[in-house]
Amino acid sequence: MASLSSRQPTIVEIRIYVPTTSTVSITENSMVRRRWRPVVSKSKRPLWLTLLRILFKNLLLLFVIWGLVQTIQKLALKSADSSGGSVLDFKQRIAEAESFLEITKNTMEVRKEFVNRKIEREVNHRFEILNEVRMIVRNIVEKG
């Protein structure tokens, strides 16, 4: 620690070139230092590998763009068909919706009947239990 504190500050002279004026000299103490970062060398790849990677990335980008264009075209054609489509297509879609609603209605009715029968059986069972309890209570009252 003693050797570090005994160092004398050094003076650094920096020259800055300003095109419209003359050269300016600036002197500062050593507190302002330039930091030198070590140069990290990139891994050297062969030229053919670099070109192959670039080609692959460009082809991948073209494929993605082509897929987006195809999707947009399909959506545009589908919306154009539905908006300016023929009356037969419209009637066919209505018929499909009606048949789906009919099937759904029938399924709901079957389920409703099933639940009603289940509730009736449960209620009848409870009434039978209640009647048995009444009979037991009458027997106890008559004997008691």
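The shape of the range 64-144 can be summarised by an equivalent ellipsoid whose semi-axes, obtained from the alpha carbon gyration tensor, come to 66, 17, 6 Å from longest to shortest. Between the range 59-80 and the range 108-144, the C-alpha centres lie 66 angstrom from each other.
Largest to smallest in accessible area, the residues Lys74, Lys105 fall in the order Lys74, Lys105 (1.4 Å probe, all protein chains included). With a Förster radius of 35 Å applied to the C-beta separation of Ala97 and Arg121, the computed FRET efficiency comes to 0.45. With θ taken as phi - 60° and the Karplus curve 6.51 cos²θ - 1.76 cosθ + 1.60 applied, the whole-hertz 3J(HN,Hα) list for the range 48-64 is 5, 5, 4, 5, 5, 5, 4, 4, 4, 5, 5, 5, 4, 5, 4, 5, 5 Hz, x standing for glycine and proline.
Placing pseudo-labels 7 Å out from each Cα toward the beta carbon at Leu47 and Gln70 gives an inter-label distance of 3.6 nm.
The values are calculated or read from the model by the stated rules, or taken from the named source; none is laboratory data. Note that the structure is a prediction, hence the values are computed from the model and not measured. Ideal geometry is used to build each Cβ from the backbone, glycine not excepted, and the neighbour counts take in all protein chains shown. Remember, those area values only see protein heavy atoms, side chains included, never the ligands or the DNA or RNA. Shrake-Rupley method; radii C 1.70, N 1.55, O 1.52, S 1.80 Å.
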